[in-house]
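Working notes, structure below.
Throughout, read-outs are computed from the coordinates displayed, never taken from laboratory work. Since the structure is predicted, the reported quantities are computational estimates derived from the model, not experimental observations. No Cβ is skipped: glycine too gets one built from the backbone with ideal geometry, and neighbour counts run over all protein chains shown.
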Amino acid sequence: MTNQFLEQLETPALLLDEARMDRNIERMRRQARRLGVSFRPHVKTNKSIEVTRRIMESPQGPITVSTLREADYFAAHGVTDILYAVCIAPNKLDHVMRLQDQGVRLTLILDSIEAARMLAGRAKAAQRHFDVLIEIDSDGHRSGVNPDSGDLLQIAQFLEGAGIPVQGILTHAGSSYDCTSTDAICAMAEQERAAAVHAAQRLRAAGIACPVVSVGSTPTALFAEQLEGVTEVRAGVFVFFDLVMAGLNVCRVDDIALSVLATVIGHQREKGWTILDAGWMALSRDRGTARQPVDQGYGLVCDLDGRPLDDLILVGANQEHGIMAHRSGKIEGALHLPVGAQVRIVPNHACPTAAQYEHYKVLGAGHEITATWQRFSGW
Ligand SMILES: Cc1ncc(COP(=O)(O)O)c(C=O)c1O
């Protein structure tokens, strides 16, 4: 087979810079080792066995998923230790039991007494064992019970009484994405740790063993100074990084492993615009950098070597059209690449951008495409 190069790809295409990805993985691995915790990667970002094999501690896991479809896919590839880190709903329990029947140890999470009652009812009716973590809210970001609340003890005691041992506590400090300094991320990591450990201690004081204390987001995992009392850390975006992470100074732009290859299809020179064949279908509508000090529009434009190009960004996006222009809005002297020229656009948020594609084009040295890796989406 003849080698394929970047310049030969039909666009838009999702590029994965393998060397950058491997560097990012090594950085997280070093950090988990330093902190003395096990690492349970979140695979919702990559949804690919080739990527996940590089970040798992063993071929059987552990991993974290955000959908049961992810659990199905990774189970089919031999992963057996899976944490489904979205609160469980009753209509998913048949699916959970099918996964258990395939030999998967699928840990569930919940944060309400209603869900605990529902689970206990199904466990009894189906004569099943379920592994459960209680989600706590460490930062007001989204879901979870207050670690100081009576609800925490009530849920745990109810589960234990119903014969469902509580495996532990889980929290995700998603507010780390809103931090405005590295110090604030470090403080958020400590807040996440302290809340989870405190919740676990309350359960232990009530006689519940609570062996698992699971925390993590990419910023807090990478900036935690210590994780005493924590047993495992989770992160997903770190494998690729993105502009939101660069805007938080969690990584540099040249650490970002994911980009969208696009082609120039026209110009509106009087407006300083160059039109590309990559719009929001190719990049997603995520505007995560809009609330950061540097707004990157729908993505930062780079040359084929992945270096930022003349301070160009995508200032607008229609379904299949991207509008590339200078960040400053300058029209005089704007760079107008010719029709047919290619650029790489670095995305705001890796998860929704990658979700638009069925495969990664893996990029090696010298613009060579060394592999095509499948990925999937949906539920
Ligand atoms: C429960 C949970 N854990 C871990 C993560 C991973 O965090 P990140 O996407 O910052 O890597 C997420 C991401 O949304 C999550 O929802």
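Our helix-only sum for the chain, with -39,500 (n - 2.57) per DSSP H run of n ≥ 4 divided by its residues, gives a mean residue ellipticity at 222 nm of -9000 deg cm²/dmol. Applying both filters, DSSP loop and at most 16 other Cβ atoms within 10 Å, to the GluC sites (Glu not before Pro) of segment 39-73 gives Glu57. Residues Lys361, Lys92, arranged from fewest to most other Cβ atoms within 10 angstrom of their Cβ, appear as Lys92, Lys361.
When DSSP beta bridges are restricted to pairs lying wholly in segment 21-239, around 5% turn out antiparallel. So what's the net charge close to Tyr84: Lys and Arg +1, Asp and Glu -1, counting the other residues with Cβ under 9 Å from its Cβ? So the surrounding residues net to 0. The gain in end-to-end length when the Ala365 to Asp94 segment is fully stretched comes to 92.9 nm, 0.36 nm per residue minus the alpha carbon separation. If you count Lys pairs in the chain whose Cα atoms are under 22 Å apart, skipping same-chain pairs closer than 8 places in sequence, the total is 6.
Highest-first packing order for the peptide set 186-192, 217-223 is 217-223, 186-192, based on the mean count of other beta carbon atoms within 10 Å.
Close amide H pairs (under 5 Å, H built 1.01 Å from N) link His42 with Thr64, Ala235, Gly236, residues at least 5 positions away or on another chain.
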